[in-house]
Structures are given as C-alpha cells and as structure tokens.
Amino acid sequence: MSDMVFNELSIEPLAKDKTKGFERVIKFIETFKSGRPYGFNRVRFEDSFDQIPLYPEYTLNNFCNEQRTLGILLRGLARYPFIDDDSEEEKRYIENCFAILKNGKSFPCYGLAAAYLYTTLGIGFASDAFWKNCDHLLEIQGDNKETATVYCVSTPAHFQTAAIEQWLESRKKIELITCPLSAHEKQISLRDDHGKDILLQFSKKIVQSPYVVRIVNSLPFNPSERKFIKRIRSNGNVEIVLIDTDMGLGLVIKTTGRNTRETKAISEIIQEKYS
C-alpha cells in the first residue's frame, strides 16, 4: 500500500495559538515528504479537513484556505475513503475494537487501526512528547484478544530511526516459504459434523498447496458468508468458507505465512487455485 493513514489521536492537545498550529502543519508536510522516497504518495483521512482542528476554532481547512500553495498540496495528498468498501480490511475493522496504550491508559483509535490493517504507516502531528516514539502498542479485541505494534511518524527524523528502517525493510518484496511436508504427510483435523465428508475431500485437495502446512479444524457453519477467504491472521492461519455449500462449510488452514503480509499473499494464491 502506498498510502499512510492519518492518526486522529495526534490532534490533541491542540496548538496554543495560530503560529504553533502553522508549525504543526509544516512539520506534518515535511514528514510526509520524507516518506515519498519510500513509495508513499497519499494520506488516508477519515474526517474532512474542516473536522480536524489545529487550535480552537481554527481547522486544517482554514489553514488550507489561508495558505493556498500548501493547501493545494495537502488537499492533493488526501485520499478517501478511509478504508476501502467491501474489503478484507473493512471486515476486520468492523469485527474488532482497536486501542492504543498511551501513558497507562487505553484510547480507542481509528487511523492507527487502519494503518495496522493495511500494514502501512500512520502519520500525525507532533502534538506532544508521546509521539516522539514511532512504535506503539495496539490492543485488538474481537474473537480473540491480541496485541500488535503499529507505527506512526510525526517528524522527518522518524524515517532514520531503527524501528522505521526495520519496518521499511519488511515491506520489500515478499518471499514466501514452502512447507517441506508432502501432501499425504500433512495433518487434517476436522470436527465430526455434518458435511465432514465434503470438507475432507476439499482438505485433501488443498493440502497439495506448498504453502499449506495442515488443516487445523473445521469452522462453525457460515451459511450467510459470501467470501471464500473469511479471515486471515498474522500467525499464518486462514479461514476459508466453501460458499457453494448451503451450510457454509469452512476450514481453518495453517499456512507458511510468517506475518500478515505473507499470509494475505498466500490466501490470494489459495483463492485463485481452489475457490
């Protein structure tokens, strides 16, 4: 993904005056420009500029109207929608709650949640000392509770930190690994439910993929599911639903994916070949 995502938590505390608000936007623009050599071209926003305050009664839209040249630049880099409709990212965004742990307290977040789901960077204002660090703990609550690291840049110098350099390295071309087991050596575990015979037949076929390690289990019935790939997880698990079955039979498949990016790439290969 070539977009960063705006971190709305960095809006507060508001700037003390118009001059400080101006400086805040200039640093934001400089930070964005520092990301361009790494392929970042746009910033996704959830809210329009007139809903992003810089200091009381003065918004990012006011800034753009007063600073015409910079305003054209800012408006040109903004991208909507915040999260693509009918996407896997939208589904995971709806099904889970996301929060940042800041100064010992939990704050619901939207921009950094989207950055995590898209495996991209957040970008925000350098509004307080907390954002001097660019890596942050993200709490995720849904079917399972987990934590992850999400990144947010707020100064050009962040692109020279070890954390961001390592993260950028991880964005390079994906090199998938394969499972050393032959198809008949891969474990197939299924619940003794209706449709087990259908799932077993499908399992024997899909374990032939070099990226499938084993069949973890069958899923509860999902008769209303319309997507073959129901969910992907960072641990390499992919949930699949056979949407041509009335009951919505499904499987949890362990793949060789070592992170979300790899697992998503594998899920796309599996969908193309086996859906």
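Which of the three applies to region 108-156, rounded, prolate or oblate, going by the alpha-carbon gyration tensor with a ≥ b ≥ c and a/c under 1.5 meaning rounded? Present the calculation step by step, with values, prior to reporting the outcome.
On the way: a/c = 2.43, a/b = 1.92, b/c = 1.27.
Because a/c hits 1.5 or more and a/b exceeds b/c, region 108-156 counts as prolate.
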Exercise for the section: Label region 24-111 by shape, choosing from rounded, prolate and oblate, from the square roots a ≥ b ≥ c of the eigenvalues of the Cα gyration tensor; if a/c is under 1.5 it is rounded, and otherwise prolate applies when a/b is larger than b/c, oblate when it is not. Expected result: prolate
Practice task
For the chain, calculate the relative contact order in percent as a whole number, restricting contacts to Cα pairs under 8 Å that are 6 or more residues apart.
Solution key: 15
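Taking only the alpha-carbon atoms of region 75-151, what semi-axes of the equivalent ellipsoid follow from 5 times the gyration tensor eigenvalues under a square root, in whole Å, largest first?
For region 75-151, the semi-axes come out at 20, 19, 9 Å.
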Problem - Distance violations [Cα-Cα > 25 Å] among Lys105/Lys227; Lys91/Lys196; Lys16/Lys102; Lys230/Lys254 - result: Lys105/Lys227; Lys91/Lys196
Fill in the blank from the handout: Which of (1) 29, 21, 18; (2) 42, 18, 16; (3) 26, 23, 18 gives semi-axes √(5λ) of the Cα gyration tensor in Å as computed here? It is (2)
Exercise for the section: Please work out the Cα center distance from region 201-249 to region 57-86, rounded to the nearest Å. Expected result: 41
Completion exercise
For region 209-218, in residue order, the Karplus 3J(HN,Hα) values (coefficients 6.51, -1.76, 1.60; θ = phi - 60°; whole Hz; Gly and Pro = x) are 5, x, 9, 9, 8, 6, 9, 6, 5, 8
Handout entry: the chain - percent of accessible surface contributed by carbon and sulfur, probe 1.4 Å
Key = 49
Handout entry: Percent of Cα pairs exceeding the 19 Å cut-off, where the set is region 132-223
Key = 65
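What FRET efficiency, computed as 1/(1 + (r/R0)^6) with R0 = 45 Å and r the Cβ-Cβ distance, is obtained for Arg226 and Ile29, rounded to the nearest 0.05?
0.60
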Fill in the blank from the handout: Non-local residues with an amide H under 5 Å from the amide H of Val153, with H modelled 1.01 Å from N and Pro and chain starts lacking one, are Gly122, Ile123, Gly124
Completion exercise
Among trypsin sites (Lys or Arg not before Pro) in region 136-212, those in a DSSP loop whose Cβ has at most 14 other Cβ atoms within 10 Å are Arg171, Lys172, Lys173, Arg191
Exercise for the section: Take every Cα pair under 8 Å in region 79-159 that's 6+ residues apart, average their separations, divide by the length, and report that relative contact order as a whole percent. Expected result: 28
Exercise for the section: Write down the percent of antiparallel bridges among all DSSP beta bridges whose residues are both part of the chain, to the nearest 5. Expected result: 75
Practice task
Keeping all protein chains in place, calculate the accessible area per residue for region 132-250 (probe 1.4 angstrom), answer in Å².
Solution key: 57
Practice task
Quick one: go through region 121-145 and flag any residue whose amide nitrogen is under 20 Å from the point 7 Å out along the Cα-to-Cβ line of Thr245.
Solution key: none
Handout entry: Sequence-separation-based contact order of region 98-210, relative, with Cα cut under 8 Å and 6+ spacing, percent
Key = 19
Exercise for the section: Select from region 222-275 those trypsin sites (Lys or Arg not before Pro) which occupy a DSSP coil region and have at most 12 other Cβ atoms within 10 Å, ordered by residue number. Expected result: Arg226
Completion exercise
Unit-weight point scatterers at every alpha-carbon of region 179-275, Debye formula, q = 0.10 1/Å: log10 I(q)/I(0) is -0.22
Problem - Structure-based [θ]222 nm, the chain - -39500 (n - 2.57) summed over DSSP H runs of at least 4, per residue, nearest 500 - result: -9500 deg cm²/dmol
Handout entry: Low-density loop cleavage sites - GluC sites (Glu not before Pro) in region 32-117, where at most 16 other Cβ are within 10 Å (DSSP)
Key = Glu46, Glu57
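The values are calculated or read from the model by the stated rules, or taken from the named source; none is laboratory data. Predicted model only: the values in this text are computed from it and were never measured. In this analysis, Cβ positions are derived from the backbone assuming ideal geometry, glycine residues included, and neighbour counts consider all displayed protein chains. Accessible surface areas use protein heavy atoms only, side chains included; no ligands, DNA or RNA. Shrake-Rupley method; radii C 1.70, N 1.55, O 1.52, S 1.80 Å.
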